[in-house]
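The values are calculated or read from the model by the stated rules, or taken from the named source; none is laboratory data. This structure is a prediction, so every number in the text was calculated from the model and none was measured. Virtual Cβ from ideal backbone geometry, glycine too; neighbours counted across all protein chains shown.
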Amino acid sequence: MKHSNVEHEKLRNTVIGTSVKRTDLLDKVTGAAQFTADIPLPNLLYGRIKRSNVAHALIKRIDTSRALALPGVKAVLTHENVPRVLHAGSPHPRSASCTKDQYILDNKVRYWGDGVAAVAATTEEIAEEALELIDVEYEELPGLFTVEEAMHPDAPLIHDREPGGNLVLPPVTFARGDIDKGFAEADIIIEGEYEGGRPTPAYMEPNAISCQWDANGNLTVWISTQTSFMVRGIMAEVLGLPLHKVRVLVDHMGGGFGAKQDLYQGEFLCALLAKETRRPVRVEYTREETFLAGRSRHPVKTWLKQGFKKDGTITARQATMVFNSGAYGSHGPGVTNVGTSGLLSLYRCDNIHLEGKCVYTNSPIAGAYRGFGVVQAYYALDIQMDEAAVKLGLDPAEIRLKNAVREGDIAPSEHPVIGHGLEDCLTTGVKLVDWQALRKRPRDTTGPIRKGWGIGCEMHGSSAYPGIKEQGNAIVKMNEDGSAVLLTGTAGLGTGAHTALAQIVAEELGIKFEDVSVVHGDTDIVPWDIGAFASHTTFMGGRVSQMAAAEVKRQLLERAAKILETEPETLEVSLGVISTPDGRTLTVREAVAPTLGVPAPQFVGSATYHPTKSYSFAAHFVEVSVDTETGFVTVDQVVPVHEIGKVIHPVAAAGQIEGGIQQGIGHTLYEDYQIDLKTGRSLNANFVDYKMPLSMDMPPIHTKILETAPDPGGPFGAKGVGEDPIVAIGPAIANAIYDAIGVRFRHYPIKPEEVLAALESQTA
Amino acid sequence: MKQVISLTVNTDDIDLVVEPHRSLLDALRNEGGMTGTKKGCNVGECGSCTVIMNGIPVNSCLVLAVEAQGADIVTIEGIQDSPDEPHLLQENFMIRGAAQCGFCTPGFIVAAKALLDENPTPTRDEIRFAIAGNICRCTGYTKIIEAIELTAEQLNAKQTQEA
C-alpha cells in the first residue's frame, strides 16, 4: 500500500482518526459519478417551469393554448389542472419548522420568480419556447419587500394564515433571570443594531429531478436532496399516494449546504408531467433558477443591548431578532428559534430577555443554510463583545475568556454543556498567533494598507434538538466472508459522510475499513432517515451505525466463543482478528465460515437512536488588510481553532473547516443576493454579479483541531463540524477591520464603498 | 437542420449528430453520452464544464458543437492513463481532500491537466491563476491547490528518475 495512513492505522490498531481514502471519490475524480441530471432515461422529456415576472399578484387568467399547439409540447400544467393541496416546503415530521403555506401551483404569486406553470417537451429548446407562449394576466398587489413594510398594520397579507400580520409564527421569547436588575448592576451598557444580508448557498449542482411512473402506478423520483424520506413523505401526501408507491433515489449530490432540504415545486411538477405524458421527465434548474427559486440565508435585523461590569462580566443581555422569511415559511420557525435562543449562550449571562420574529415578504425565499440562525445571532453578539472590550479597555481575548461558556452551563438546547471547548479554542489560538505580541505590535501607518487582527467565536449544536426530536436508524449485516454492509438513510452532500460511517462500523465491529460497504440513497431499501442537516450526520448517523455494528459484534463473538470454547466477554476483535486473553486467534472470516457444513446464521443488527444535542466550539483568529484608497478588504490569513470531540477523518474534518471559511469570507465581504426594492425583481442571479471567493481570493488557513471535549452522545465522542466554521469567521473579519482602521461595521457584507465612505466620514 | 460533426474525444474518432445551436457541452453529455463534464451554469461562469480543446482548456458550454469539427478534445473521462489506474492528479485529489461533493471536480482536474501539460513546474500563483475560472463551493480551494502542486512535484521527480 502506498498510503502512509495505513501504517498509522496498524500502529494504533484503529480505523477512526485516520484519513482513509473516501469511497465516493474515485467515481468523482474520473467522471463516472452520476449526479441526478447524468442519469440516462430512455424516451426522456424535458420539463421547464414558467416563473412570474411580478412579485405579488393574483393570476386573473392563464392561457396555455398557444404553448400546447407548439409541436413537441407534450403537457402544460397550471394551477387550474394540478392538485390543490396545502403543504409545507420544509416538512420535517414532528418539527416546529413545519409551515404549511404552499401549493404546487397557486392562483397567487408571492415573489418575483414564483412558479406559475410547467411544460414538458421533447427538447429543452421547445420547452423553453413553450414557456414564452403561456399568457398570464396578473392583477398586481402591493409588493412588500422589507420586514418594516410587511409588519406595517395596513400591509396586505401575503398568506392568509395564523398568526396574521405577515408573521410566519408567533414571536418567540427566551428569558432567564431579571433583566432590569441585570442592567441596574451594569457599569456600562452597549446597544446596537446589526444587520445581515442575503447570501445564498450556491451549491455547484443546480437542483435536478427526474420522475418516472410504472404501469402499476409506482413513482420513481431521482433527486438531488438532503432529505430523501422527507421528499417521499410530502410527495406521497400531496399526490395522494401511499408511501410504498413512491421511491426516492439519490446517489451523489453536488452540495446542498442546507438548502436542499426543501420541496421546491419542481418535484411535484416533474411527477405530474411524467404522469400526464406517461414518459420520464427531467426538470433541471438553470443556475438563474437556483437563485430565483432557491433558498437563501434569512436576512436579519438584530437589536442587541448588554450590560457589563468594569471587569468585563456581562450582567444583562436583551435582544430582538427580526428575520425576513421571504415569500414562504420554509425553515423560518427553526431559524427564528435556533438563532434567537443562540443568544442564551456562547458568553455567560444570568439575566437575559430575547425576542425573535420571522416575517413574510415578497422577497426570495429564505430557508436552511449552513449556520441556520446562529450565523446571524453570533455576528451581532461577537462584534458587541469587541465593542465592550474597546469601551472597557480590555483585551478582546480576555473578555471572551472571562465570559466563555463553561462545563455545566445550560446550553440553548436546555442541556448542560460538556467540557470547556470554547476556553480551549481561545487559549490555544491565543498561543498559536501569539496574541499578546500582536496586541503590542507597532502599526505601519505609511502607505494605503492598514492591517488588523480580530477574533470570532461560536458554538454550534449537532442535531436540531429540541426543535426537532431527531431519530437516526441503521442496519448492519455481515456477509459470509466476514465483510459487512451498512444500510443508512443519510445523504452524502459531499462531506464524505458515508466514509466516516463505514470507518465507525469497521472500528466498532473490529474489521478493516476496506471490508465495509455502505448502501444509501434508496428509500425502498435503507432504513428511514430524517435527512442530512444540522451537523448531525457523523454525530447521529455515526452513533446509530456504531450501535447496529455493536449488535452484529455481539452475535459474532457469541459464535466465536463457542468455536474457541470460551466466554464471549473475554474476546477482543480488531482488524478482522478475534483473540482470546491467552493468545489464541480466529479470523472473523473463520468465525462466520460453515461449521460441519452448516453456514453461520445471518448476523444482522439494527438500531434506532434519539439524540439530544452536543455542542462543538470554535475561535477564529483572522488577519486582514484594508486598502484605504479603494476600501477593499483582503483576508491575509485565518487561524481557526475548532473543538469537535473525536475526529473520525482528519482530512475531511479540515475540509469542512476550510470550505466553511470560504463561504463565510464570501458572506462577510462580497456575497449578497439582491432584489430591486420597488419591484422585487432579482438583480444578480448569476455567478458574475453574485461574487463568491475564487482561488485567487483565498488566504492561507492554518487549521487547528482539538479533541478536548468529546460528547458521549456521538460515536467514540465525535461531534459535528459542518456548520461551525461559517459562524465564527464573520465577526472575526469585522473585528479585524475595526482593529485595522478603527471603523465599527455592524452588518454584512461589508462592501468596499462602505469602507471608503466610513473612512471619509472618519477624517471629516 | 442537424449536422454531423467528426471529432476526436479522448483519442477516439467519433461522429455526433447535433443541432447547429448545440453547445459542445450538451453534445458531449447528450449525444456523446459522456456525463463526466458537468453543467453548473451553462454561461461560462463556473468552469464545471472545462474540457481541453486542441490543447487549450475551454468552457465547453461556450463552444458550439459545430466549432469542434475536427478538434481534439480531452474530457475528464480521458484523463486516466489506463482504466485501472487513476492519473496522479486524480489520486492526489482523492488523498488530499481536494474533492468533496465532486460536481466541480472534473472541471478542476481537466484545468489542472491542461496547466501541467503546458507548464510542468508551475508556481503556487500560477496554479491559483490556472483555476481562477473554476468555482468550488466546498473545499476553500487550498486542498485543490495543494493537490495540483504535489502532482507537479511528483511528475517532475518521476521524470528526473526516468532520465
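At pLDDT 95 or above, farther than 23 Å from A:GLY660 by Cα and within 7 Å of chain A (Cβ to nearest Cβ): does that describe B:PRO86? For B:PRO86, the condition - at pLDDT 95 or above, farther than 23 Å from A:GLY660 by Cα and within 7 Å of chain A (Cβ to nearest Cβ) - is met.
Results for (1) within 24 Å of A:PRO710 (Cβ to Cβ); (2) outside the structural domain of A:VAL518 (by TED's automatic domain parsing), shown as yes or no for each residue.
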residue: A:GLU407; (1), (2): yes, yes
residue: A:PRO412; (1), (2): yes, yes
residue: A:LEU426; (1), (2): yes, yes
residue: A:ALA437; (1), (2): no, yes
residue: A:LYS451; (1), (2): no, yes
residue: A:MET478; (1), (2): no, no
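Identify, from the list A:ALA764, A:ALA685, the residue that is out of contact with any Pro (no Cβ under 7 Å at 6 or more places or on another chain) and at pLDDT 95 or above.
Values: A:ALA764 fails: at pLDDT 95 or above.
From the options A:ALA764, A:ALA685, the qualifying one is A:ALA685.
Being surrounded by fewer than 24 Cβ atoms within 10 Å (Cβ to Cβ) and either of a type in the set (D, E, K, R) or within 14 Å of chain B (Cβ to nearest Cβ) (or both): is that true of A:ARG287 here?
Numbers: surrounded by fewer than 24 Cβ atoms within 10 Å (Cβ to Cβ): yes; either of a type in the set (D, E, K, R) or within 14 Å of chain B (Cβ to nearest Cβ) (or both): yes.
Taking the combined requirement at face value, the residue satisfies it.
Yes or no, residue by residue, for (1) surrounded by 13 or more Cβ atoms within 10 Å (Cβ to Cβ); (2) touching a Pro at 6+ places or on another chain (Cβ under 9 Å); (3) farther than 30 Å from A:ILE468 by Cα; (4) among the acidic types (Asp, Glu):
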residue	(1), (2), (3), (4)
A:LEU571	yes, yes, yes, no
A:SER574	yes, no, yes, no
A:PRO581	no, no, yes, no
A:LEU596	no, no, yes, no
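Is there a residue in the stretch A:40-47 that is part of a loop (DSSP other than H, G, I, E, B), without any contact (Cβ under 8 Å) to a residue 60 or more places away in the chain and more than 30 Å from B:GLY97 (Cβ to Cβ)? Quick ask: steps written out before the conclusion?
As a first pass, look at the stretch A:40-47 and keep what is part of a loop (DSSP other than H, G, I, E, B): A:40-44.
When the remaining residues are screened for being without any contact (Cβ under 8 Å) to a residue 60 or more places away in the chain, the result is A:40.
With the extra rule that they be more than 30 Å from B:GLY97 (Cβ to Cβ), the set shrinks to A:40.
Yes, there is a match, as at least one residue in the stretch A:40-47 is part of a loop (DSSP other than H, G, I, E, B), without any contact (Cβ under 8 Å) to a residue 60 or more places away in the chain and more than 30 Å from B:GLY97 (Cβ to Cβ).
Kindly indicate which of B:VAL43, B:VAL58 is without any contact (Cβ under 8 Å) to a residue 40 or more places away in the chain, hydrophobic (A, V, I, L, M, F, W, C) and not in a loop (DSSP other than H, G, I, E, B). On inspection, the qualifying residue turns out to be B:VAL58. Selection within the stretch A:475-497: residues that are over 14 Å from A:HIS520 (Cα atoms) and part of a loop (DSSP other than H, G, I, E, B). The member of this set that is nearest to the other protein chains (Cβ to nearest Cβ) is A:THR495. For the stretch A:97-111, which residues satisfy the criterion of being surrounded by 21 or more Cβ atoms within 10 Å (Cβ to Cβ) and either of a type in the set (Asp, Glu) or in the same structural domain as A:ASN362 (by TED's automatic domain parsing) (or both)? Listed by number, the list holds a single entry, A:ASP101.
In the stretch B:62-83, the residue that is nearest to the chain's Cα centre (by Cα) out of those that are at pLDDT below 95 and more than 11 Å from every other protein chain (Cβ to nearest Cβ) is B:ASP81.
With respect to B:ILE52, is the statement that it is within 11 Å of chain A (Cβ to nearest Cβ), among the aliphatic types (A, V, I, L, M) and buried (at least 18 other Cβ atoms within 10 Å of the Cβ) true?
No; evaluated as a whole, the condition is false for this residue.
Filtered by the rule that a residue be of a type in the set (Gly, Ala, Ser) and in contact (Cβ under 8 Å) with a residue 12 or more places away in the chain, the stretch B:118-141 gives B:ALA130, B:GLY133.
Condition (residue is outside any helix (DSSP H, G or I), within 22 Å of the chain's Cα centre (by Cα) and of a type outside the set (S, T, N, Q)) applied to the stretch A:346-353: is it met by at least one residue?
Our first condition is that a residue be outside any helix (DSSP H, G or I); within the stretch A:346-353, this holds for A:346-353.
Filter once more, keeping what is within 22 Å of the chain's Cα centre (by Cα): A:346.
This time we only want the ones that are of a type outside the set (S, T, N, Q), so: A:346.
Among the residues of the stretch A:346-353, at least one is outside any helix (DSSP H, G or I), within 22 Å of the chain's Cα centre (by Cα) and of a type outside the set (S, T, N, Q), which makes the answer yes.
Taking the stated definitions as given, is A:GLU551 assigned by TED's automatic domain parsing to the domain that holds A:ASN735, of a type in the set (Asp, Glu), surrounded by 14 or more Cβ atoms within 10 Å (Cβ to Cβ) and out of contact with any Cys (no Cβ under 9 Å at 6 or more places or on another chain)?
When the stated conditions are applied, A:GLU551 does not pass them.
Just checking, which of A:ILE234, A:ILE223 is touching a strand residue (DSSP E or B) at 6+ places or on another chain (Cβ under 9 Å), modelled with pLDDT under 95 and not small (Gly, Ala, Ser)? Of A:ILE234, A:ILE223, the one residue that is touching a strand residue (DSSP E or B) at 6+ places or on another chain (Cβ under 9 Å), modelled with pLDDT under 95 and not small (Gly, Ala, Ser) is A:ILE234.
Quick one: is A:ILE16 β-branched (Val, Ile, Thr), surrounded by 15 or more Cβ atoms within 10 Å (Cβ to Cβ) and assigned to a strand (DSSP E or B)? Please lay out each step first, then the result.
On the way: β-branched (Val, Ile, Thr): yes; surrounded by 15 or more Cβ atoms within 10 Å (Cβ to Cβ): yes; assigned to a strand (DSSP E or B): no.
No, not satisfied.
Remark: pairs (first residue in the stretch A:662-679, closer than 13 Å to A:PRO699 by Cβ and away from every other protein chain (no Cβ under 14 Å); second residue in a loop (DSSP other than H, G, I, E, B) and of a type outside the set (Phe, Trp, Tyr); Cβ separation under 8 Å; 6+ apart in sequence or on different chains) = A:THR668/A:PRO749; A:THR668/A:ILE750; A:LEU669/A:PRO749; A:LEU669/A:ILE750; A:LEU669/A:LYS751.
Residues that are farther than 25 Å from A:ARG681 by Cα, assigned to a loop (DSSP other than H, G, I, E, B) and hydrophobic (A, V, I, L, M, F, W, C) within the stretch A:51-110 comprise A:LEU70, A:VAL82, A:VAL85, A:LEU86, A:ALA96, A:CYS98, listed in sequence order. Evaluated against (1) more than 21 Å from B:ALA114 (Cα to Cα); (2) at the interface with another protein chain (Cβ under 9 Å from one of its Cβ atoms); (3) crowded, with 17+ Cβ neighbours inside 10 Å, B:ALA27 falls short on exactly one condition, (2).
Inspect all residues belonging to the stretch A:453-467 and state whether any of them is crowded, with 19+ Cβ neighbours inside 10 Å, in a helix (DSSP H, G or I) and either out of contact with any Phe, Trp or Tyr (no Cβ under 7 Å at 6 or more places or on another chain) or assigned by TED's automatic domain parsing to the domain that holds A:ASP386 (or both).
There is no residue in the stretch A:453-467 that is crowded, with 19+ Cβ neighbours inside 10 Å, in a helix (DSSP H, G or I) and either out of contact with any Phe, Trp or Tyr (no Cβ under 7 Å at 6 or more places or on another chain) or assigned by TED's automatic domain parsing to the domain that holds A:ASP386 (or both).
In the set A:ASP739, A:ASP697, A:ASP711, only one residue is in contact (Cβ under 8 Å) with a residue 24 or more places away in the chain, of a type in the set (D, E, K, R) and part of a helix (DSSP H, G or I); that residue is A:ASP739.
Are any residues in the stretch B:115-135 more than 9 Å from chain A (Cβ to nearest Cβ) and not basic (Lys, Arg), and if so, which ones? Quick ask: steps written out before the conclusion?
Here is the first cut: in the stretch B:115-135, the ones more than 9 Å from chain A (Cβ to nearest Cβ) are B:115-124, B:126.
Matches in the stretch B:115-135: B:LEU115, B:LEU116, B:ASP117, B:GLU118, B:ASN119, B:PRO120, B:THR121, B:PRO122, B:THR123, B:GLU126.
For the stretch A:252-266, the set of residues classified as away from chain B (no Cβ under 11 Å) and in a loop (DSSP other than H, G, I, E, B) consists of A:GLY258, A:ASP262, A:LEU263, A:TYR264, A:GLN265, listed by residue number.
Quick one: which residue in B:ALA112, B:ALA98 is under 27 Å from A:GLY722 (Cβ atoms), more than 7 Å from chain A (Cβ to nearest Cβ) and in contact with an Asp or Glu (Cβ under 9 Å, 6 or more places away or on another chain)? Give the steps one after another, and end with the answer.
On the way: B:ALA112 fails: in contact with an Asp or Glu (Cβ under 9 Å, 6 or more places away or on another chain).
So the residue among B:ALA112, B:ALA98 that is under 27 Å from A:GLY722 (Cβ atoms), more than 7 Å from chain A (Cβ to nearest Cβ) and in contact with an Asp or Glu (Cβ under 9 Å, 6 or more places away or on another chain) is B:ALA98.
Across the stretch A:684-740, the qualifying residues are those that are hydroxyl-bearing (Ser, Thr, Tyr) and away from chain B (no Cβ under 12 Å), and the one among them that is farthest from B:CYS136 (Cα to Cα) is A:THR708. Of all residues in the stretch B:142-163, those that are free of Cβ contacts under 8 Å to residues at least 40 places away in the same chain and within 13 Å of another protein chain (Cβ to nearest Cβ) total 3.
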